[in-house]
Amino acid sequence: MKYGDKNGIILLTIVVSIFVGSIWSSWRKMAIDPPPRPITISDKCAMNALDDYVHIQKMMLDEENQLLMNNLSTVELTKRKRRAVEGYCTEDTRCLLMDIKPEDKLSASSSFFDSCLKDEEKDYGDDKDNP
């Protein structure tokens with residue numbers, strides 16, 4: 001084996017090692033941090049519905065504080081909260097249905113809506129007995 005052949009093999013080994021290393025590094029990065037999926041119209045719709053709902057919740061919290069400070073009844077506020085939750089869940093369900101096949105929308109809509117109501121009741125402690 002000549003001196004030039006050893007250098008060629010060493011150079012080839014280094015080049016292959018660098019190439020394999022860069023592919024491995026790229027693959028690991030994609031496995032750990034997959035590229036984000038594009039935001040769809042239904043995602044934007046759901047984000048807008050959530051933004052509106054959070055804004056309504058903040059307004060109702062201010063109203064609730066005023067009612068409690070003035071020792072007034074909170075029955076009307078409870079009704080408003082429930083209507084806000086139902087409104088949010090209706091809008092969120094509408095957004096989620098954008099990505100569903102037409103023949104599956106009927107069954108999916110009640111499932112999405114019920115799931116949303118249960119999540120909100122769990123998060124905010126609303127009772128089913130409250131109006």
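Here are some notes:
- In the range 41-124, Rg over Rh equals 1.08, where Rg is the alpha-carbon radius of gyration and Rh the Kirkwood radius from pairwise Cα distances.
- Cα centroid of the range 77-94 to Cα centroid of the range 97-111, whole Å: 20 Å
- For a label point 7 Å along the Cα-to-beta-carbon line of Thr90, residues of the range 51-67 with backbone N under 15 Å: 53
- Packing-based ranking, highest mean first, of 81-93, 97-109 given that Cβ atoms within 10 Å are counted: 81-93, 97-109
Each value in this text was obtained by applying a stated rule to the coordinates, not by laboratory testing. Small disclaimer: the values here were computed from a predicted structure and weren't measured. Note that we place each Cβ from the backbone using ideal geometry, even for glycine, and neighbour counts take in every protein chain shown.
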